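Worksheet: one structure, shown below.
The values are calculated or read from the model by the stated rules, or taken from the named source; none is laboratory data. Quick caveat: nothing in here was measured; it's all calculated off a predicted structure. Glycine also receives a Cβ, built like all others from the backbone with ideal geometry; neighbour counts cover every protein chain displayed.
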Amino acid sequence: MKASVEVMRSYDYCQFRVGLEEELAGDGSTYDEQVRALQVSAARLVDEAVERYKQDRKMERRCRNCGNEFVAEDAAQQFCSEACRDAWHADVGACEEA
Ligand SMILES: [Zn+2]
């Protein structure tokens with residue numbers, strides 16, 4: 001018999017999912033105890049994944065408009081400055097919205 005658990009977290013519109021499965025140990029622990037232990041492990045793994053994701057969000061990007069490198073403050077930021085964002089949208093916007 002196998003114990004299996006799945007833990008899900010949502011963060012910033014992303015879903016993080018960790019599933020663990022383990023053969024039941026023959027060490028006298030009950031099925032419930034082992035499932036709970038697995039849940040704790042899975043929760044820790046998924047929390048680590050979210051933390052990594054948070055770190056990665058603050059990463060260096062290259063501005064889509066001018067090509068300069070900058071450190072993005074949120075996942076959606078693609079431009080080094082508002083001026084670049086405006087310039088890029090002014091350039092491309094006309095085509096994309098047509
Ligand atoms: Zn720029």
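In segment 65-76, is there at least one residue being loosely packed, with under 12 Cβ neighbours inside 10 Å, among the hydrophobic types (A, V, I, L, M, F, W, C) and either more than 16 Å from the ligand (Cβ to nearest atom) or modelled with pLDDT of 90 or more (or both)? No, every residue in segment 65-76 fails to be loosely packed, with under 12 Cβ neighbours inside 10 Å, among the hydrophobic types (A, V, I, L, M, F, W, C) and either more than 16 Å from the ligand (Cβ to nearest atom) or modelled with pLDDT of 90 or more (or both). Counting only residues that are in a loop (DSSP other than H, G, I, E, B) and among the hydrophobic types (A, V, I, L, M, F, W, C), segment 77-90 holds 2 of them. You will find that of 64, 52, 36, 17, the residue that is in contact with a Phe, Trp or Tyr (Cβ under 8 Å, 6 or more places away or on another chain) and charged (D, E, K, R) is 64 and no other.
On the stretch given as segment 2-20, residues that are surrounded by 11 or more Cβ atoms within 10 Å (Cβ to Cβ) and either acidic (Asp, Glu) or closer than 15 Å to residue 54 by Cβ (or both) total 6. Which of the residues belonging to segment 27-76 are assigned to a strand (DSSP E or B) and free of Cβ contacts under 8 Å to residues at least 12 places away in the same chain? Correct list: 62, 69, 70. Against the numbered list (1) farther than 30 Å from residue 85 by Cβ; (2) modelled with pLDDT under 85, residue 12 comes up short only at (1).
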